[in-house]
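I have placed the structure first, in the form of structure tokens, so that the comments after it can refer back to it.
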Number of protein chains: 2
Amino acid sequence: MSNADKHDLNGGFYLEDLHVGQRFASGTHAVDEAQIKAFAGQFDPQPFHLDDATAKHTMFAGLAASGWHTAAITMRLLVDGGAPIAGGVIGAGGEIAWPKPTRPGDILQVKSEILDVTPSRSRPDRGMVTVRSETFNQRGEIVQTLTAKLIVPRRPAA
Amino acid sequence: MSNADKHDLNGGFYLEDLHVGQRFASGTHAVDEAQIKAFAGQFDPQPFHLDDATAKHTMFAGLAASGWHTAAITMRLLVDGGAPIAGGVIGAGGEIAWPKPTRPGDILQVKSEILDVTPSRSRPDRGMVTVRSETFNQRGEIVQTLTAKLIVPRRPAA
């Protein structure tokens, strides 16, 4: 884990501090059944996210978190230090996949790697950084991959 | 809106009922400041999603919803009838982009179009359907595009 690399005291790395291959690791978040049902009740009220007994007879074969819940938890882990970017974690978009569902009792952690760093041609104060973030459960299985394009500021002139 | 096309009474379209070019429209959801701050407080606690005054001086130039909040609201609109798929809306992943932020007071609606329908070779009971879902605000601006791969069951033998 290279979070300590060259970390700006004002809250993260500027575009100039980031390079292809750089890696970050987040803290962890423990997911329980109450969280899964609360998120699903609000945003994804389908039986396999809400009801244990019904979920057993679906494709998920048991209660599973909404993929968007896994995405939201991943974002929280990135914001809490898993992606220490100056100015915050601001995504323009990306590709997401959920190879396995998040289950009650899972402990999630996000490991990220910088894939590309491109200064903006039109906006000299910023650039675009491509980051692949893999969200792991406590068994080392990947529950989400996210390849995101982040808008990252350049270091302001002193 | 062609939701009434050939709708299965048991809760949605099977793979056989879907075809390229088919369109669906969701209901609407009104987003307010309290919702934006509640979601951000839990999943994306960054100043531009939490504090009006601070947000004015960021890239967002005012309070904006987390992109993941827009995604979660989009999912709710799809589940509530915007994507009437038999067995539910089950995504394997997709591509997401947020061309504009969701703002307090926005009224969101999702319009979807089927881009591809492919029966599974290995699993005769299902297939993969690619759907592009655009989330609009009340000014007709697109706040999110999502091109998702959904797992859709075939109609069971009678």
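The values are calculated or read from the model by the stated rules, or taken from the named source; none is laboratory data. In this text, all values refer to a predicted model and were calculated from it rather than measured experimentally. Cβ atoms come from the backbone with ideal geometry, glycine included; neighbour counts cover every protein chain shown.
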Quiz item: Quick one: is residue A:121 more than 13 Å from chain B (Cβ to nearest Cβ), farther than 20 Å from residue A:65 by Cα, among the basic types (Lys, Arg) and not in a strand (DSSP E or B)?
Solution: yes
Quiz item: In region B:57-72, what residues are in a loop (DSSP other than H, G, I, E, B), surrounded by fewer than 24 Cβ atoms within 10 Å (Cβ to Cβ) and small (Gly, Ala, Ser)?
Solution: B:61, B:62
Quiz prompt | region A:78-87, subset touching a residue at least 24 places away in the same chain (Cβ under 8 Å) and either closer than 11 Å to residue A:25 by Cα or facing another protein chain (nearest Cβ under 10 Å) (or both), residue nearest to the chain's Cα centre (by Cα) | solution = A:78
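Matching residues to (1) among the polar types (S, T, N, Q); (2) more than 18 Å from residue A:16 (Cα to Cα); (3) touching an Asp or Glu at 6+ places or on another chain (Cβ under 9 Å):
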position: A:97; (1), (2), (3): no, yes, no
position: A:116; (1), (2), (3): no, no, no
position: A:124; (1), (2), (3): no, no, no
position: A:128; (1), (2), (3): no, no, yes
position: A:145; (1), (2), (3): yes, yes, yes
Quiz item: From A:52, A:106, A:116, which residue is charged (D, E, K, R), more than 14 Å from chain B (Cβ to nearest Cβ) and surrounded by 18 or more Cβ atoms within 10 Å (Cβ to Cβ)?
Solution: A:106
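Each row is one residue, and each column tells you yes or no for (1) under 25 Å from residue B:34 (Cα atoms); (2) among the aliphatic types (A, V, I, L, M); (3) in contact with a Lys or Arg (Cβ under 7 Å, 6 or more places away or on another chain); (4) in contact (Cβ under 8 Å) with a residue 40 or more places away in the chain.
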| residue | (1), (2), (3), (4) |
| --- | --- |
| B:54 | yes, no, no, no |
| B:61 | yes, yes, no, no |
| B:68 | yes, no, no, no |
| B:73 | yes, yes, no, yes |
| B:76 | yes, no, no, yes |
| B:117 | no, yes, no, yes |
| B:154 | no, no, yes, yes |
| B:158 | no, yes, no, no |
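Can we say residue B:141 is touching a residue at least 24 places away in the same chain (Cβ under 8 Å), touching a Phe, Trp or Tyr at 6+ places or on another chain (Cβ under 9 Å) and acidic (Asp, Glu)?
Taking the combined requirement at face value, the residue does not satisfy it.
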Exercise. Check region B:123-140 and report whether any residue there is crowded, with 17+ Cβ neighbours inside 10 Å and more than 15 Å from the chain's Cα centre (by Cα).
Key: yes
Practice problem: Looking only at region B:29-38, decide whether some residue is within 23 Å of residue B:116 (Cβ to Cβ) and modelled with pLDDT of 90 or more. | Solution: no
Self-check item: Within region A:21-46, tally of residues that are in a helix (DSSP H, G or I) and either β-branched (Val, Ile, Thr) or closer than 15 Å to residue A:104 by Cα (or both)
Solution: 8
Quiz item: Out of region B:99-122, which residues are of a type in the set (A, V, I, L, M) and under 12 Å from the mean Cα position of the chain (by Cα)?
Solution: B:108, B:110
Quiz item: With respect to residue A:34, is the statement that it is among the aliphatic types (A, V, I, L, M), at positive phi and more than 8 Å from every other protein chain (Cβ to nearest Cβ) true?
Solution: no
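Sort through B:82, B:88, B:41 and tell me the only one that's surrounded by 18 or more Cβ atoms within 10 Å (Cβ to Cβ), out of contact with any strand residue (DSSP E or B) (no Cβ under 7 Å at 6 or more places or on another chain) and not acidic (Asp, Glu). First the steps, then the outcome.
On the way: B:82 fails: out of contact with any strand residue (DSSP E or B) (no Cβ under 7 Å at 6 or more places or on another chain); B:41 fails: surrounded by 18 or more Cβ atoms within 10 Å (Cβ to Cβ).
Just a single option satisfies the conditions, and that option is B:88.
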Quiz item: Taking region A:91-102 as the region of interest, how many residues are surrounded by 22 or more Cβ atoms within 10 Å (Cβ to Cβ) and either in a loop (DSSP other than H, G, I, E, B) or basic (Lys, Arg) (or both)?
Solution: 3
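Just name the residue that is farthest from the other protein chains (Cβ to nearest Cβ) out of those in region A:55-73 that are touching a His at 6+ places or on another chain (Cβ under 9 Å) and modelled with pLDDT of 95 or more.
By that ranking, first place goes to A:63.
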